[in-house]
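A.B. asks: First the structure, then my questions, so here it is.
The values are calculated or read from the model by the stated rules, or taken from the named source; none is laboratory data. Computed from a prediction, not measured in an experiment: that's the story for all the values here. Glycine also receives a Cβ, built like all others from the backbone with ideal geometry; neighbour counts cover every protein chain displayed. For the accessible areas, the whole protein counts, side chains as well, though only heavy atoms, and no ligand, DNA or RNA atoms are used. Shrake-Rupley method; radii C 1.70, N 1.55, O 1.52, S 1.80 Å.
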Amino acid sequence: MKISRLSILILIAGIAACTSSQKDQSETTGKQRIVCVAKQLTELIYALGAGDQLVGVDLSSTYPPAAQKLTKVGYHRLLNAEGIIALKPTVVYHDGNVAPEAVMTQLEKVGVPMKVFKDAHTIPEVKALFDTLASQFGAQKQADSLKTKLDADLAKAATDVKQYKTVPKVAIIHFGRVINNYLVIGKAGTASYMLDLAGGKNVMDTLKGMKPLSPEIISKAQPDIILVTDFGYDRMGNADKLATLPGIALTPAGKNKKIYRIEEHDLIYLGPRTGENVQLLMKLIHQ
C-alpha cells in the first residue's frame, strides 16, 4: 500500500510536535527521555543514578540487568528509526559508532536531538567520561565515588596478578551481528588491554580491529585458551560445538576444551566495573 507524500509530511509534523512537547516536559521536570545506543554509555548512566531517564537502548546495552527490560531499538550498527521515534525521546546518546547513516539523517530531519560522547579506551579517558556524563545529570558526587572505586579495584588486580607465573596465550572471538559471522579480536582494543592487565596475552597481536574467523588465522595462533563473548557462545551452546568452528579443533584450546564464555559487557568496553572485570578475567584465564 502506497503512502502519499502528504501523509508522510503529516506524520513528520506529528512527530516533531511530540518531540517539542517532550522537550518542554523535560525542561519542567528536569528529566530527559533518553534513547542510548552505546553500551558503555548505558552502563555509566545507570551507575550515575540516572537510569530512570532511559526509555530505550540498543541490543548491545545489556548491563545492568535493568537495561535489558527497556525497549530495544536495534543493534547499534543496525538501528531502527521508527523504533527510536516511537519512544518520543528528548535526546539520543551515542558514541559515533552507529549505523546506518540514513537512520541518523532521518532522526535529524524529524528534530530528534543527538549528543555524541567519545568512547573511552583508557582509564584516564573513562574517568573523564564519568565527569562529562555526570554534568548532564548533576551527579558529580557519584562520578567521584565511581573513580575512587575504580582505582581501588585496579590496584587490587595489579597486586593479585603477581601470583601467576605463566602468561596464557588467549584468543578472543566475538560474533558480528552485522555481517553474521564469527570474528577474532586483534591486539588493539579494550579487550586486549584488559587481558594484559589480567596477565594474559592476545595471540592475535598482528591484527588490528576484528577479522573474520578462519582456519588459517586461528590454527596459526595456537591459543591455549579461547574466550567467546556471550552472544556468539550461546549461538553454539557449549565448548564442544564451538570447537567445530574453523580451525579451533587444531588449537590447544580446542583440544583441551578450554573455551570459555564471557559477557561482552565485561570485556569489550571500560566502565565502573573494569577493575572487578579484570579480576574476573584473571581467574578465568588462569584456571
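A.B. asks: Would you check which residues across segment 214-243 are out of contact with any helix residue (DSSP H, G or I) (no Cβ under 8 Å at 6 or more places or on another chain) and not basic (Lys, Arg) and list them?
C.D. replies: We begin by selecting, within segment 214-243, every residue out of contact with any helix residue (DSSP H, G or I) (no Cβ under 8 Å at 6 or more places or on another chain); these are 214, 216-217, 220-221, 232, 234-235, 237-241.
Selection gives 214, 216, 217, 221, 232, 234, 237, 238, 239, 240.
A.B. asks: When you go through (1) at pLDDT 95 or above; (2) under 23 Å from residue 273 (Cβ atoms); (3) among the small types (Gly, Ala, Ser) one by one for residue 120, which number turns out not to apply?
C.D. replies: Residue 120 satisfies all of (1) at pLDDT 95 or above; (2) under 23 Å from residue 273 (Cβ atoms); (3) among the small types (Gly, Ala, Ser) except (1).
A.B. asks: Ok, one more. What's the number of the condition residue 270 fails, among (1) in contact with a strand residue (DSSP E or B) (Cβ under 7 Å, 6 or more places away or on another chain); (2) buried (at least 20 other Cβ atoms within 10 Å of the Cβ)?
C.D. replies: (1)
A.B. asks: Only one of (1) closer than 22 Å to residue 278 by Cβ; (2) surrounded by 14 or more Cβ atoms within 10 Å (Cβ to Cβ) is not met by residue 151, so which one is it?
C.D. replies: So the condition that residue 151 fails would be (2).
A.B. asks: Run down 228, 203 and say which single residue is touching a Pro at 6+ places or on another chain (Cβ under 8 Å) and open to solvent by less than 60 Å² (accessible area, probe 1.4 Å).
C.D. replies: Result: 203 is the single residue among 228, 203 that is touching a Pro at 6+ places or on another chain (Cβ under 8 Å) and open to solvent by less than 60 Å² (accessible area, probe 1.4 Å).
A.B. asks: Considering segment 141-162 alone, what residues qualify as being charged (D, E, K, R) and over 16 Å from residue 45 (Cα atoms)?
C.D. replies: Going residue by residue through segment 141-162, those that are charged (D, E, K, R) are 141, 144, 147, 149, 151, 153, 156, 160, 162.
Passing the criteria: 149, 151, 153, 156, 160, 162.
A.B. asks: Out of the residues in segment 45-64 that are in contact (Cβ under 8 Å) with a residue 40 or more places away in the chain and either of a type in the set (Val, Ile, Thr) or in contact with a strand residue (DSSP E or B) (Cβ under 6 Å, 6 or more places away or on another chain) (or both), which is surrounded by the most Cβ atoms within 10 Å (Cβ to Cβ)?
C.D. replies: 45
Okay, residues lined up against (1) open to solvent by 20 Å² or more (accessible area, probe 1.4 Å); (2) in contact (Cβ under 8 Å) with a residue 24 or more places away in the chain; (3) not hydroxyl-bearing (Ser, Thr, Tyr):
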| site | (1), (2), (3) |
| --- | --- |
| 108 | yes, no, yes |
| 122 | yes, yes, no |
| 127 | yes, no, yes |
| 130 | no, yes, yes |
| 139 | no, yes, yes |
